[in-house]
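The values are calculated or read from the model by the stated rules, or taken from the named source; none is laboratory data. Being a predicted model, the structure only gives us computed values, none of them experimental. We place every Cβ from the backbone using ideal geometry, glycine too, and count neighbours over all the protein chains shown.
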Amino acid sequence: MARDLGIFPVHIGAIFIILTLLACISMRFFHNHFQLRKRVGDDHALQKRHVSKAEITLKRVSEDPGYASVFPPSQRATAFGHGAIVDLSSGKRHVLELSENYKHASPLSYVFSGFSVQDILSLGDFPDYARLSGVPLPSPLPNFNIATAKPRPYRPFRWVYHQTMSFKRMDPDFWIELESSYAERIRQRQQICAKHGKAAMQALPGSELACKELMEMVLQFICARYPGYFQLVGGNIFVNHILGTQHDLAKEEPLHVLRDNVPEDFALTLRDKAGQYVVRAGIICSSIGWSLGRKMGLDLDAIHQPVPDYKEKMQIGMNRPDPSLKLEEVFLRTDWQTLRRLPLSGAIVFNFKVLFTPVTEFEDEPYIPSLVLKTLNDGKKNLMEHKGTRHVERVVKPVLEMYERRQVEQGLIESDWEPRTLEESPFFPGWEKKWRTI
């Protein structure tokens, strides 16, 4: 398990990496997919250390202009009425450069979202993002108890298992989900950022609007969802009653506010001149084998290239069986991921929360042991190798087989059931009852 790349510090014997199936609510994304256009030759170039990010970008702009005139749908009419949509594809209006700070730009300049700088300034702080985005604020949980709260039991197992994007619509109530480990996770994330600096958190020039917008949307969400724990006072003071802290939002950097209050990873991508989306800001504390610092400034194709030195320095250790490994040391790691477009900046934000669940939890979860067994036994070889299952199979398989037999005996599953993706996926039959009684 890699340790010095801004990684979430969970001290367990092994992470059940096969089960890192990258579940997302809104859209499953951030692992080997979402290539807007595959370009022959980029793989080789990106693996050469002497090729700079700037050279890669210039090569892409000159060779692949197909998206240069393509802009995302604008929400400007939502804010200013019909007829407010501006055509940016004609090139007649100045669109902010990728590294240009909107605060220092001409009010007549435009963000690639279709809003002018003047529009954005006129909307002020904390505009009605629910109206602008079309995504309603969450239903409040006035009786929510952070001390006992548990995450929903995500089991994103599929059969047949393919590496796909597997988009799913997001339930707006669960964009940001808090649970009892909240305070501990915040402390850990602060420590990771302090130790690893820009490898875990940074924002490149031009991302100022996106960072501010993300912070405001997240704070609006958690204040609406958890009114007993979070408040916005006077428009600029954010109060966290769980930690007993206050933040002056006019003085603090947006990513710092998120780091200190929200136990989720965020990656912000912005549109460049070629119409591609590149990573420009983020907080990443739970990655395995990569860091934010290595991905900054790269487009979506480039960030999914193989991890540098992985094969030489990490693969052997990741796949080596541990004879002392015990069942209680094996966990399901689920990266619960969402993506959404921010209405003003046009940025696409990926946020993901890492959850660890003991494999022993599968015992009373219908069909889950069978699905996991099927994946381990018959999953595509290259995917299984990539997930690093070999070092846990010796311990996990016999237990899953036992769980499966018991579920048949108890009538939880049919004896002739053939593994397939469950209708409740990423959950299982009866999941809500278990969640509410955990």
Counted residues in the range 243-255 being buried (at least 19 other Cβ atoms within 10 Å of the Cβ) and of a type in the set (A, V, I, L, M) come to 2
Any chance the range 359-367 includes a residue that's touching a strand residue (DSSP E or B) at 6+ places or on another chain (Cβ under 8 Å), surrounded by 15 or more Cβ atoms within 10 Å (Cβ to Cβ), closer than 30 Å to Arg169 by Cβ and of a type in the set (A, V, I, L, M)? yes
For the range 251-265, how many residues meet the condition of being hydrophobic (A, V, I, L, M, F, W, C) and more than 23 Å from Pro227 (Cβ to Cβ)? 1
Do the conditions hold for Met215, that is, is it closer than 16 Å to Asn351 by Cβ and assigned to a helix (DSSP H, G or I)? yes
Could you say which residue among Lys381, Lys434, Lys387 is surrounded by 15 or more Cβ atoms within 10 Å (Cβ to Cβ) and over 24 Å from the mean Cα position of the chain (by Cα)? Lys434
State whether the residues of the range 179-190 include one that is more than 30 Å from Met384 (Cβ to Cβ), without any contact (Cβ under 8 Å) to a residue 24 or more places away in the chain and of a type outside the set (D, E, K, R). no
For the range 226-255, the count of residues that are touching a residue at least 40 places away in the same chain (Cβ under 8 Å) and either of a type in the set (A, V, I, L, M) or not in a loop (DSSP other than H, G, I, E, B) (or both) equals 6
So Tyr403, is it at positive phi and either β-branched (Val, Ile, Thr) or at pLDDT 95 or above (or both): no
Within the range 256-293, which residues are surrounded by fewer than 20 Cβ atoms within 10 Å (Cβ to Cβ), part of a helix (DSSP H, G or I) and either without any contact (Cβ under 8 Å) to a residue 40 or more places away in the chain or not acidic (Asp, Glu) (or both)? His256, Gly293
Return yes when Ile303 is buried (at least 19 other Cβ atoms within 10 Å of the Cβ), assigned to a helix (DSSP H, G or I), modelled with pLDDT under 90 and of a type outside the set (Asp, Glu) and no when it is not. yes
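To keep it simple, each residue is scored yes or no on (1) of a type outside the set (A, V, I, L, M); (2) modelled with pLDDT of 95 or more; (3) over 30 Å from Lys295 (Cα atoms); (4) surrounded by fewer than 17 Cβ atoms within 10 Å (Cβ to Cβ).
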residue: Trp159; (1), (2), (3), (4): yes, no, yes, no
residue: Tyr182; (1), (2), (3), (4): yes, yes, no, no
residue: Gln190; (1), (2), (3), (4): yes, yes, no, yes
residue: Cys193; (1), (2), (3), (4): yes, yes, no, no
residue: Met201; (1), (2), (3), (4): no, yes, no, no
residue: Gly228; (1), (2), (3), (4): yes, yes, yes, yes
residue: Asn236; (1), (2), (3), (4): yes, no, yes, yes
residue: His241; (1), (2), (3), (4): yes, yes, yes, yes
Pairs with Cβ under 9 Å, 6+ apart, first in the range 76-88 and within 18 Å of Asp128 (Cα to Cα) and touching a residue at least 60 places away in the same chain (Cβ under 8 Å), second of a type in the set (S, T, N, Q) and surrounded by 15 or more Cβ atoms within 10 Å (Cβ to Cβ): Thr78/Ser133
Extreme residue, nearest to Pro205 (Cα to Cα), among residues of the range 64-110 that are surrounded by 15 or more Cβ atoms within 10 Å (Cβ to Cβ) and among the β-branched types (Val, Ile, Thr): Val95
Report whether or not Ser113 is buried (at least 16 other Cβ atoms within 10 Å of the Cβ) and over 16 Å from Arg341 (Cα atoms). no
Give the residues of the range 325-359 that are farther than 22 Å from Gly275 by Cα and of a type in the set (A, V, I, L, M, F, W, C), sorted by residue number. Leu325, Leu327, Val330, Phe331, Leu332, Trp336, Phe352, Val354, Leu355, Phe356, Val359
Here is a check on your reading of the model: is Met296 out of contact with any strand residue (DSSP E or B) (no Cβ under 7 Å at 6 or more places or on another chain), crowded, with 17+ Cβ neighbours inside 10 Å and of a type in the set (A, V, I, L, M)? no
Which of the residues that make up the range 140-165 are small (Gly, Ala, Ser) and under 25 Å from Ala210 (Cα atoms)? none
Among the candidates Val354, Val392, residue that is buried (at least 20 other Cβ atoms within 10 Å of the Cβ) and either of a type in the set (Gly, Ala, Ser) or not in a helix (DSSP H, G or I) (or both): Val354
